[in-house]
There are 2 protein chains.
Amino acid sequence: MGKNLTKRSEDYSKWYNELVVKADLAENSAVRGCMVIKPYGFAIWEKMQAELDRMFKETGHQNAYFPLFVPKSLFEAEEKNAEGFAKECAVVTHYRLKTDPNNEGKLIVDPEAKLQEELVVRPTSEAIIWNTYKGWIQSYRDLPLLINQWANVVRWEMRTRLFLRTAEFLWQEGHTAHATKEEAIAEADLMNNVYATFVENFLAVPVIKGLKTESERFAGADETYCIEALMQDGKALQAGTSHFLGQNFAKAFDVKFATKEGKQEHVWATSWGVSTRLMGALIMTHSDDQGLVLPPNLAPYQVVIVPIYRNQEQLDAISQVANEIVNDLRLHNISVKFDNRDTHKPGWKFNEYELKGVPLRIGIGPKDLEKRTVELARRDTLTKEFVAKEDVVETVSQLLKDIQENLYNKAKTYRDSHITEVQNFEEFKEVLETKGGFISAHWDGTAETENKIKELTKATIRCIPLDNSKEEGVCVYSGAPSNERVLFAKAY
Amino acid sequence: MGKNLTKRSEDYSKWYNELVVKADLAENSAVRGCMVIKPYGFAIWEKMQAELDRMFKETGHQNAYFPLFVPKSLFEAEEKNAEGFAKECAVVTHYRLKTDPNNEGKLIVDPEAKLQEELVVRPTSEAIIWNTYKGWIQSYRDLPLLINQWANVVRWEMRTRLFLRTAEFLWQEGHTAHATKEEAIAEADLMNNVYATFVENFLAVPVIKGLKTESERFAGADETYCIEALMQDGKALQAGTSHFLGQNFAKAFDVKFATKEGKQEHVWATSWGVSTRLMGALIMTHSDDQGLVLPPNLAPYQVVIVPIYRNQEQLDAISQVANEIVNDLRLHNISVKFDNRDTHKPGWKFNEYELKGVPLRIGIGPKDLEKRTVELARRDTLTKEFVAKEDVVETVSQLLKDIQENLYNKAKTYRDSHITEVQNFEEFKEVLETKGGFISAHWDGTAETENKIKELTKATIRCIPLDNSKEEGVCVYSGAPSNERVLFAKAY
């Protein structure tokens with residue numbers, strides 16, 4: 001009956017890999033580095049999509065769809081961007097297979113169907129989109145252009161992990177065009193805030209909003225806003241990024257607009273994205289040695305009802321009560337599953353839903369019928385209580401709110417207690433090795449120091465927090481003067 | 001001010017291509033055969049997706065996501081399927097670009113990054129999915145497996161047209177596994193019915209449900225159910241297909257299950273899909289020489305309000321009334337846009353929304369304010385009426401229902417009057433050339449005759465209608481005996 005899940009304390013990484021598969025979220029596929037997102041995992045992603053999509057539309061964005069392929073000549077137009085992604089591109093070179101003349105029933109690439117120009121499978125869509133925007137933008141009347149796309153992208157990663165780093169992943173990418181620099185910066189900041197609000201309220205994952213250093217920026221961006229989360233093993237995870245792209249893509253693709261005064265100017269751009277990586281953040285922040293723990297706001301079903309019975313007569317009587325509860329809960333917009341399958345025992349089901357992180361489990365047995373009660377079990381605290389049947393809806397409503405809040409608070413307490421200020425490099429290294437988490441340290445602002453620290457410790461600068469207070473100090477590594485602390489961490 | 005749209009009677013094909021672009025639905029991209037779906041077009045597709053997704057879930061299906069790439073060895077496993085798609089596959093052969101040593105700033109495919117096994121960009125996902133199902137199905141308890149995927153697919157078509165035939169397109173593909181043949185056939189039929197209901201109720205496009213002949217079947221299917229629609233130029237369009245796949249994929253990928261009695265048997269399969277091609281069907285069925293005509297059930301906004309004013313004072317007064325109407329309509333779940341942009345004149349806006357097919361337009365000018373009326377214009381009939389302000393919500397609600405119904409009825413009248421029974425091949429050819437539409441004719445049931453007729457007339461058998469009545473007769477081409485009529489047509 002055990003879940004045979006490796007304990008987090010034994011091997012956090014193994015625990016994660018096992019959990020993703022055992023909780024039916026995703027699995028590796030026959031294609032190197034590509035995952036299959038299973039129905040239960042996909043249902044969580046759909047809930048994320050629905051809410052993000054709502055938030056994007058509320059802030060004036062529209063969805064569109066751009067091609068999967070980027071012709072090589074467009075791909076290389078914005079040099080930094082091209083350089084940043086060239087090493088991990090899947091490239092389509094042919095458009096036909098043919099029967100292998102030497103091997104019946106097998107196919108080979110038809111050498112006569114070679115493309116004149118190779119096509120890159122989009123690792124991100126700035127190039128193809130800005131090439132399109134050129135035709136859409138003529139005048140200030142066409143601005144701002146606020147567009148989002150839900151899509152799959154491919155980055156040929158060498159070391160992959162389900163949800164966290166896969167060759168193909170699902171994401172959304174916003175691409176906006178503006179008349180002024182200020183407006184574009186405000187947009188990048190706004191969308192980073194949208195991400196922060198979403199991740200905190202739905203994933204119940206606290207994040208730090210910040211700016212990336214130059215070396216950690218998106219290839220082709222002038223500034224990258226980000227939200228950084230902390231996992232239970234003390235490693236950071238970048239949960240979303242929003243880029244101010246300056247006029248880089250407008251210049252690379254010659255996208256100009258006529259101002260009100262009739263002058264021709266290059267437009268200003270942003271792009272921003274979150275991906276199925278958020279699934280990794282969700283799983284690693286809350287789950288425990290018993291399995292997944294889901295915040296009610298993203299659970300495919302918030303409540304599961306398991307009948308405990310010995311014969312059909314008992315099941316019938318329990319089903320009547322269960323169905324009443326199902327109806328009541330649905331009327332209150334609470335999603336619920338009544339698992340009356342006769343193919344599995346109650347103990348198996350308890351185990352299964354614990355592993356799958358269903359926020360609340362309702363058990364109903366013959367004794368409950370007599371007493372007109374049900375047993376309510378919370379997944380987050382693993383506590384149980386008996387509740388009178390007529391109080392179920394109210395109690396469940398309240399508990400779902402409590403669980404959502406509790407998960408966030410627990411994660412925040414952990415995160416806050418894992419931001420450690422250090423004064424020198426010895427302390428830096430010690431905290432990193434013994435405690436982990438974010439290290440708040442002075443840095444001299446040079447890429448040289450940043451690289452050296454990364455080389456020596458594997459820690460990178462996760463961000464320069466947006467709410468940073470100025471503080472005079474000296475760089476932990478070089479001793480050069482610094483006027484603010486930045487956050488270092490080992491990261492996913 | 002004119003729309004400069006080619007007339008349907010002049011050149012239907014040109015009219016379609018112009019309309020798709022001018023109504024802001026889609027455009028060609030820099031990638032051969034791939035389209036950009038613009039926000040207005042994508043908003044219609046999103047509405048289709050939302051309703052279909054609801055219908056799939058209501059019939060017990062769950063969404064999941066499978067890889068974009070199919071390793072060549074999996075792709076070729078089901079021979080008929082592989083043979084059917086091999087000639088139109090985009091193939092990934094390399095996973096990296098590198099700087100061109102002979103051409104600064106340019107990239108070339110890195111010959112050292114050649115994949116050991118080529119990856120086919122999915123033209124359809126049976127192969128990758130059935131290879132996955134092998135791990136998911138062990139026992140009758142795992143069946144039925146009812147899964148759908150929303151995805152992009154690539155088929156390297158030589159002649160492409162926006163929405164109708166593009167190298168990359170968006171679609172959904174359902175893939176189900178069943179314990180018995182009967183159950184799988186029932187599923188294929190059920191999903192074909194779901195498609196028919198959706199297309200008739202939402203696109204307002206009448207369809208004929210039928211079965212494909214062997215030569216028109218999906219590669220790898222034992223039976224293909226389909227829905228066939230008729231466009232205004234008398235050509236048919238296949239709007240959706242649902243396949244009974246027998247045990248073909250189960251055998252190719254060795255997917256067996258233990259029956260209740262403990263025997264090992266291959267499972268039975270279906271797959272079914274509709275795509276962005278539905279956008280083409282929608283556009284071509286209802287639109288006219290003035291532009292797009294949208295059924296209210298799929299219009300991104302069902303009502304547009306255009307203020308007619310000469311100065312700010314008038315606009316302010318009109319806006320007050322307009323905003324009241326906006327609120328009232330939204331309370332009744334009617335989507336509405338108030339276009340108060342000062343950058344465009346009312347005449348321009350009237351033209352624009354006619355072109356974009358908005359079902360109802362409300363015009364409000366200073367005289368309307370005096371009389372407490374508004375002007376209501378129907379896009380489908382191009383008729384106008386004045387309505388008292390307090391009656392707007394009720395009138396609009398009723399008109400939206402009328403328009404939805406009227407579009408369907410009009411299309412059905414046209415379609416029904418374009419199903420012509422013919423008795424011999426002379427009549428067949430004459431009707432095909434002069435009238436077009438579906439030709440109901442006796443056929444001897446052989447692929448030979450079917451091919452010959454196609455060769456001579458370009459007409460194919462669109463389907464053997466499911467509700468066909470038996471009727472003795474002789475094949476229009478061969479004169480051999482036949483016991484039912486089938487539908488021929490030229491098709492998109």
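The values are calculated or read from the model by the stated rules, or taken from the named source; none is laboratory data. Since the structure is predicted, the reported quantities are computational estimates derived from the model, not experimental observations. FYI the Cβ positions are ideal-geometry reconstructions off the backbone, even for glycines, and counts take in every protein chain you see.
Of note:
- Listed by first and then second residue, the pairs linking a residue in region B:417-437 that is touching a residue at least 40 places away in the same chain (Cβ under 8 Å) to a residue that is in a helix (DSSP H, G or I), with Cβ atoms under 6 Å apart and 6 or more places separating them unless they lie on different chains, are B:422/B:428; B:422/B:431; B:432/B:457.
- Any hit, region A:400-413, residues being at pLDDT 95 or above and assigned to a loop (DSSP other than H, G, I, E, B): no
- Taking the listed residues B:156, B:130, the one that is crowded, with 21+ Cβ neighbours inside 10 Å, in a loop (DSSP other than H, G, I, E, B) and touching a helix residue (DSSP H, G or I) at 6+ places or on another chain (Cβ under 7 Å) is B:156, with no other qualifying.
- Top-ranked residue in region B:84-110 [being more than 8 Å from every other protein chain (Cβ to nearest Cβ) and of a type in the set (Asp, Glu); ranked as surrounded by the most Cβ atoms within 10 Å (Cβ to Cβ)]: B:110
- Residue A:63 being in contact with a Pro (Cβ under 9 Å, 6 or more places away or on another chain) and surrounded by fewer than 23 Cβ atoms within 10 Å (Cβ to Cβ): yes
- Verdict on residue B:147 being hydrophobic (A, V, I, L, M, F, W, C) and more than 17 Å from residue B:55 (Cα to Cα): no
- Criterion violated by residue A:257 - all others in (1) buried (at least 24 other Cβ atoms within 10 Å of the Cβ); (2) farther than 30 Å from residue A:228 by Cα; (3) among the aromatic types (Phe, Trp, Tyr) satisfied: (1)
- Hits in region A:242-262 (condition: in contact with a Phe, Trp or Tyr (Cβ under 9 Å, 6 or more places away or on another chain) and either basic (Lys, Arg) or not assigned by TED's automatic domain parsing to the domain that holds residue A:163 (or both)): A:260
- Residue B:487 meets each of the listed conditions (1) outside any helix (DSSP H, G or I); (2) free of Cβ contacts under 8 Å to residues at least 60 places away in the same chain; (3) crowded, with 19+ Cβ neighbours inside 10 Å apart from (2).
- Residue B:395 being of a type in the set (S, T, N, Q), within 28 Å of the chain's Cα centre (by Cα), assigned by TED's automatic domain parsing to the domain that holds residue B:335 and farther than 19 Å from residue B:200 by Cβ: no
- Of the strands (runs of 3 or more DSSP E) entirely within region B:166-272, those holding at least 3 residues that are modelled with pLDDT of 95 or more and either within 28 Å of residue B:89 (Cβ to Cβ) or out of contact with any strand residue (DSSP E or B) (no Cβ under 6 Å at 6 or more places or on another chain) (or both) occupy B:168-178, B:223-230, B:236-246.
- Search result, residues across region A:80-99 that are more than 28 Å from residue A:112 (Cβ to Cβ) and part of a loop (DSSP other than H, G, I, E, B): A:87, A:88
- For region B:111-127, filtering for residues that are assigned to a helix (DSSP H, G or I), more than 30 Å from residue B:100 (Cα to Cα) and either among the acidic types (Asp, Glu) or more than 10 Å from every other protein chain (Cβ to nearest Cβ) (or both) leaves 1.
- The combined condition, being aromatic (Phe, Trp, Tyr) and either away from chain B (no Cβ under 14 Å) or more than 30 Å from residue A:82 (Cα to Cα) (or both), is not fulfilled by residue A:253.
- Selected residue (criterion: nearest to the other protein chains (Cβ to nearest Cβ)) from residues of region B:41-79 that are part of a helix (DSSP H, G or I), among the aliphatic types (A, V, I, L, M) and touching a helix residue (DSSP H, G or I) at 6+ places or on another chain (Cβ under 7 Å): B:74
- Exactly one residue out of A:390, A:352, A:385, A:394 is without any contact (Cβ under 8 Å) to a residue 24 or more places away in the chain and surrounded by 15 or more Cβ atoms within 10 Å (Cβ to Cβ): that is A:352.
- Residue tally, condition basic (Lys, Arg) and either crowded, with 24+ Cβ neighbours inside 10 Å or within 14 Å of residue A:356 (Cα to Cα) (or both), over region A:293-319: 0
- Selection count, region A:1-32, where residues are in a loop (DSSP other than H, G, I, E, B), within 18 Å of the chain's Cα centre (by Cα) and either at pLDDT below 95 or of a type in the set (Val, Ile, Thr) (or both): 0
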